[in-house]
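Shown next, in structure tokens, is the structure this report addresses.
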Amino acid sequence: MKSHTTYLTFETTERRQFVRITESVQAAVEEAGVDEGMALVSAMHITAGVWVNDDEPGILEDALEWLDKLAPPSWQPPVNDVAQSLRPTPGDYRHHRGGEDNGDAHLKNLLVHHQVIVPITAGRLDLGPWQQVFYAEFDGRRSKRVVIKVLGE
Amino acid sequence: MKSHTTYLTFETTERRQFVRITESVQAAVEEAGVDEGMALVSAMHITAGVWVNDDEPGILEDALEWLDKLAPPSWQPPVNDVAQSLRPTPGDYRHHRGGEDNGDAHLKNLLVHHQVIVPITAGRLDLGPWQQVFYAEFDGRRSKRVVIKVLGE
Amino acid sequence: MKSHTTYLTFETTERRQFVRITESVQAAVEEAGVDEGMALVSAMHITAGVWVNDDEPGILEDALEWLDKLAPPSWQPPVNDVAQSLRPTPGDYRHHRGGEDNGDAHLKNLLVHHQVIVPITAGRLDLGPWQQVFYAEFDGRRSKRVVIKVLGE
């Protein structure tokens, strides 16, 4: 069995941003020399996620807007009544009592999930034709990491 | 280490539908001849998911109705005010600018997640007594695939 | 390749509760004697989840309140209009026709997801500095289980 670990570092320009990392995951598989196995792609932060979807700008913009409704930030006015109602009942996130302002990013992490596992077949990521791997940043503009663990042979 | 890959193909009669695939995943494990390991079950599409839950028709119907509220389609009237408010602010999904009408299915994919990993113990899927594996179709009536990758020994 | 299986049992005092299990997962890795690999942590129930986030009480309380809005129980009054609207249209969960009252817990399972995979590097869980593993109970006060499957070498 072969095992290989790679870390990716991100410093996004936007607070919320999707970053396509399919090519970096494939590169990690090639460094590992694994033909059959799995690649775990896991955010090492609690305000970020990993999503496999289409690299179509409309989808990514739709998703960011919608996540702001479902898990509303409190550092900007709620976009509508639903976003207002999904804010915490105390008026602000309890998490903010310690001076943070990223309570919404923890809930976005829950929705998106912080990891995916990509199957590896014949040395390639075994993805469907439209599937791309994205790092999903919800509290960026600072250094964040993803770990890629490749297992197989 | 043994590795085995199986693809399942679906052509659902409904646009949205849960399809139980536990038995197909168990069959893949037996083909693999793996006694101890993991089975990755991953949708190869960006408008589908994989969910482990109870094969109780009420739960599945509850889940489909609820997903239509949280991630509302725009090809039918919103079912209530929340569904209306969770639609994109431009009035329709940005993704639909290219002629698609399945923007909601991409968001349902995000909520449900496109994959699960089932542990394998003594040659069997190590699931709880009520756990069944479902393929969750959100934009069906055409050919879609799931990849099952079994790893272990 | 080494493989090791551990089961954790929970009997929470609250119906909904997060239980930190990072140390139990690390202990399973040490029992397995695995230096490089993956640890699958998977709830064996359909009304529970596993979440990796920060062990900060405010976040956990924020998350439980918010999950009750998004996936509202019907055994207590809805906390606001959004929770009311996200209840099933028939007035109660179809799942309750069989005498259950935990329909909301199945939807919370969908949101949180029932499993995570933790990478193992140099014999340690390869988590970020704030990442802790939580068992997320949504229908507790009775015996529930998590399976930990460690694979690697």
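Here, each number is a calculation from the coordinates, and none is a lab measurement. None of the values given here were measured: they were computed from a predicted structure. Note that each Cβ is placed from the backbone with ideal geometry, even for glycine, and that neighbours are counted across all protein chains shown.
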Inset, instruction - At a temperature of 20 °C and a viscosity of 1.002 mPa s, determine how fast the range C:93-153 diffuses translationally according to Stokes-Einstein, using the Kirkwood radius over alpha-carbon pairs as Rh; express D in µm²/s, rounded to the nearest whole number. - result: 147
Inset, instruction - Choose one answer from A:Gly123, A:Gly33, A:Gly99: the residue with the largest mean-square fluctuation in a GNM of chain A with alpha-carbon springs under 10 Å. - result: A:Gly99
Legend entry - Inter-centroid distance (Cα atoms) of the range A:75-153 relative to the range B:7-48, Å: 26
Legend entry - Neighbouring partner chain Cβ atoms per residue of C:33-42, average, 10 Å criterion: 4
Legend entry - Candidate lysines - alpha carbon under 16 Å from B:Lys2, same-chain residues fewer than 8 apart omitted: A:Lys2, B:Lys149, C:Lys2
Legend entry - Angle in degrees between helix C:57-70 and the longest Cα principal axis of chain C, rounded to the nearest 10: 50
Legend entry - P(r) histogram, all alpha-carbon pairs of the range C:1-101 included - 10 Å bins from 0, percent: 11, 33, 29, 17, 8, 1
Inset, instruction - Compute the acute angle (0 to 90°) between the alpha-carbon long axis of helix A:103-112 and the principal axis of greatest extent of the alpha-carbon atoms of chain A; round to the nearest 10°. - result: 40
Legend entry - Cα long-axis angle, helix A:22-32 against chain A (0 to 90 degrees, to the nearest 10): 40
Legend entry - Proximal lysines to A:Lys108, defined as alpha-carbon separation beneath 23 angstrom and excluding residues fewer than eight positions away on the same chain: A:Lys69, A:Lys144, B:Lys69, B:Lys108, C:Lys69, C:Lys108
Inset, instruction - Have a look at the range A:27-73 and give its Rg and Dmax from the Cα atoms, expressed in angstrom. - result: 15.2, 43
Inset, instruction - Starting from the coordinates of the alpha-carbon atoms of the protein assembly as shown, obtain the Kirkwood hydrodynamic radius over all distinct pairs and give the value in Å to one decimal. - result: 21.9
